[in-house]
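The structure appears below as C-alpha cells.
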Amino acid sequence: MKWIEVITEAQYLTVVQEIAARQEVVDMWWSLSAGEQSRVAVKLLVRPAQAQMVVDELYGVLGSNGRIVILNAEAVLPLEEDDEKKIKKSSKLATREELYNGIEQGAQLDGNFILLTVLSTVVASIGLVTDNVAVVIGAMVIAPLLGPNLAFALGSALGDGVLAGKALRVSLAGLTVAGVLSFLIGRVWPLAIQSQEIMSRTDVGLDSIALALASGAAAALSVTTGLSSVLVGVMVAVALLPPVASAGMLAGGGHTDLALNASLLLAVNIVCVNLSANIVFLSKGVRPRTWFAREKARQSMTMYILFWIVSLSLLAWVIFSRGKYVFQS
C-alpha cells in the first residue's frame, strides 16, 4: 500500500475528496488547521497500482498550491481479500516521483562518490593482481556505479536532459578515476598475467553481453518494484569495475593488446547495461506526467534505444571479427 499525504489550502479539500472518490482509494481522512488561513492535511491510502494516477491528478489540480508526500505503508490491517488480490497483481510499486528522488540521489558527484570509487578500485586491483575472487567481490560491493547508470536511463525515459547529462558526467568521472588510478597501480605493481581474474576480463563473448544485459535489467527492476538494490549494485559493478580496473592495470603494465580487450568488454557492458535498463523503464510505463513531455520523452527514448542497439551491433561485429568468441558445440 501507498500512503499519500496532501497538504494544501482548505478550499481544495472538496477537490481532493472528488479525486479520491474517482480513483476509488482504499481510505481517506483529513484534519483542518486553526487560524485565518486554514490549511488541510488529507491522507489517502491507495493501492500501489493506483498511486501514480492519484499523484498525477492531484498535482494537475493543485500544482504549486500544495505539497504531496508519498510514503510506503509497510503493513495495513485489516486487509480486505479484494485489496490483497489487487496488490498482488500490481507489478509497479514505485511512482515516478519516488524513482526520480531515489535515483537522483545516487548520481551525485561528491567526495563520497570519489572516495568510494578510489577505495573500490584499489581493492579490485589487489584482488585482480593476487587472483583473489573474494577481494574482487568485496570491491564490487562498495563500488558506487549503480546510481549514475540508472540515473542516465531514467533521464532518457523521462526526457530529462538535465538528469541524463548529470548522470553522464558522474559516470564518466567515476570511470576516469578508476581507469587512471588502476593505470598508476599497473605502473608500480608488476602484473601476474597468469591471474585468472585479470585474464577473464580480456575474453569478450556472448556470455559477457548476456551478463551485462541481465545486470541492467535487474538494476531497473530493483527500483521500479521495490526490490533490494544492494545485490543488484554488485551485479552492475561486476560488469563495470573489474573491466576498467583490468584495462587500466594492463595498460600501465605495457600489455596494450590485453588492455584493448578489457576496454572492449567495458564498452560492451556499458552499452548493454543502459540498453536493458531503458527497455525495462519503457516496459514498466515510466514516463513524464504531461502529454507534451511524454511525446518528448518517447522521442528521446527511441533515439537512445536505437543508439544503444546500433552500438551493441558494432561491438558484436568487432568481437566476432577479432575472433574472441568460439561457439561451443
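All of the numbers you see were taken from the coordinates with simple rules; none came from a lab. The structure presented is a predicted model; accordingly, all values stated were derived computationally and were not measured. So basically every Cβ, Gly included, is an ideal-geometry build from the backbone, and we count neighbours across all protein chains shown.
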task: Could you check the simple spin-label distance between Ala214 and Ala75, using points 7 Å along Cα→Cβ, in nm with one decimal?
output: 3.5
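At a Förster distance of 35 Å, what's the computed FRET efficiency of Glu295 paired with Val318, Cβ-Cβ distance as r, to 0.05? Spell out each step's value before the answer.
Details: r = 35 Å, r/R0 = 1.01.
Computed FRET efficiency for Glu295 and Val318 comes out at 0.50.
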Euclidean distance of C-alpha centroids, the stretch 3-27 and the stretch 109-160, integer Å: 42
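If r is the Cβ-Cβ distance from Asp27 to Ile309 and R0 is 35 Å, what FRET efficiency results, to the nearest 0.05? Intermediate values should be presented prior to the final figure.
On the way: r = 46 Å, r/R0 = 1.30.
It comes out at approximately 0.15.
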field: GNM flexibility winner over the chain from Leu119, Leu264, Leu163 (Cα, springs under 10 Å)
entry: Leu119
- prompt: Arg169 to Tyr59: FRET efficiency via 1/(1 + (r/R0)^6), r the Cβ-Cβ distance, R0 41 Å, to the nearest 0.05?
  reply: 0.90
query: Of the labelled options (i) 137; (ii) 127; (iii) 160, which one gives volume of the Cα convex hull per residue in Å³ as computed for this structure?
result: (iii)
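How much length is gained if the chain between Ser200 and Gln105 is pulled fully straight, taking 0.36 nm per residue apart and subtracting their Cα-Cα distance, in nm to one decimal?
Working: separation 95, 0.36 × 95 = 34.20 nm, distance 3.31 nm.
Taking 0.36 nm per residue and subtracting the Cα distance, the gain is 30.9 nm.
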message: So for the chain, if I pair up every lysine 8 or more residues apart or on another chain, how many of those pairs have alpha-carbons under 17 Å apart?
response: 9
- line: Taking the square root of 5λ for each eigenvalue of the C-alpha gyration tensor of the stretch 96-186, the equivalent ellipsoid has semi-axes, largest first and in whole angstrom, of 28, 13, 10
task: Label the stretch 1-67 by shape, choosing from rounded, prolate and oblate, from the square roots a ≥ b ≥ c of the eigenvalues of the Cα gyration tensor; if a/c is under 1.5 it is rounded, and otherwise prolate applies when a/b is larger than b/c, oblate when it is not.
output: prolate
